[in-house]
Every structure is written in C-alpha cells, then in structure tokens.
1. Relative contact order (percent) for the chain, with alpha-carbon contacts under 8 angstrom and 6 or more residues of separation?
2. Which ³J(HN,Hα) values in Hz, rounded to whole numbers, follow from the phi angles of segment 116-126 under the Karplus curve 6.51 cos²θ - 1.76 cosθ + 1.60, where θ = phi - 60° and Gly and Pro get x?
3. Distance between Cα centroids, segment 1-53 to segment 84-150: provide it in whole Å.
4. With r defined as the distance between the Cβ atoms of R41 and L9 and R0 fixed at 30 Å, what FRET efficiency is calculated, to the nearest 0.05?
5. Pulled fully out, how much extra length does the chain show between L101 and N72, if you take 0.36 nm times their separation in residues and subtract their Cα-Cα distance?
6. Rank by packing, highest mean first: peptides 8-14, 81-87, 142-148, 127-133, with packing defined as the count of other Cβ atoms within 10 Å averaged across residues.
7. When the Karplus curve 6.51 cos²θ - 1.76 cosθ + 1.60 is applied with θ = phi - 60°, which whole-Hz ³J(HN,Hα) does each residue of segment 29-44 get, with x for Gly and Pro?
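Rule-based calculations on the coordinates, nothing more; no lab input. Predicted, not measured: the structure shown is a model, and the values here were computed from it. Positions of Cβ are generated from backbone atoms using ideal geometry, with glycine treated the same way; all protein chains shown enter the neighbour counts.
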Amino acid sequence: MPKPQPPALDPAQLPALARAVLQNDRFPVLATIDGDQPRVRPVSPVRTDEDTFVIYVANMRFYAKTAQIAANPKVELCYMDDHHNQLRITGVADILTDRPLLEEIWNTNPLMRQYLGSLDNPQLIVYRITPNKVRYMQEWALEYYDVPLT
C-alpha cells in the first residue's frame, strides 16, 4: 500500500488553514504539567481570538489544572478537525482580570451563566492563553508548519 501523499501546502495559506481547524474543533485538548507528569484534558474555550490565536478557557478553582497552571503556566492546546488536520498552540496561561472582557465573555456564554450563577462566583477563573508558537499539520503530512503570529 503506498504512503498517502498530502496535497501541497502554500505557506501563505497557513493562517487560514489554522483558523479553519480552530473553527471546527469545539473541544481542544489542554496540556499542563503536574510536577514531572504531563496532564491532558478536553476543554471548551469560552472565547477565541482567531486573528491572534489567543484562547480563553473557563476553569473552576478546585480543578487540578488550577494548581498545575499556578506552578507552571506553560500550556499547550491541541485542536483537530474532522480531516485530522492538527493545530497546536503553545503558550502561557494567565488569569484574566480585565473586567469588561470578563463581562463580555460572561454575557455571550449562557452555559457559564447557567452553571455558575454569577460572574463574581469565587470558583470561576478564566485563563487567557497567549501563544508563543502555533503549528499546523495536515493529515498524513507528518510535518508541522509554523503559523506566523501577528
């Protein structure tokens, strides 16, 4: 059986290809570090800035990832679309404190409002994941391409 040959990739199309993967995976996997052990779990971003690849993830203070991110804020998100194209966003997570942005996120997320009751719920944390590297891989290509950050 011959090895599949992915279509040629135009580097100018990388940002658009990367954004398409973002739009087609509602539950990326978030990786953190727990001491010397990697930990992964699916998350549901509450906001995505597609132009900058900044991702916002809601969290509860009692979740294990809270302590993991406090100890080491370096994280990675992995997105995959229905065609197995991957997008990996490597970055740093920090707690979002911008009240107007928090209110905007709150007002556009009925599920958060239903489960948490109030933006001032003491258990709520929203992380902003700021990328320092974004990589895209086509299915079967077995090669990552760096997506330019603007």
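1. This gives 28 percent for the chain.
2. 9, x, 8, 4, 8, 4, x, 7, 7, 10, 10
3. Value for the Cα centre distance between the two parts: 12 Å.
4. Once the sixth-power term is evaluated, E becomes 0.50.
5. Answer, rounded to one decimal: 8.0 nm.
6. The packing order, highest mean first, is 127-133, 81-87, 142-148, 8-14.
7. With coefficients 6.51, -1.76 and 1.60, one gets 9, 9, 10, 10, 10, 10, x, 10, 10, x, 10, 10, 7, x, 10, 10 Hz.
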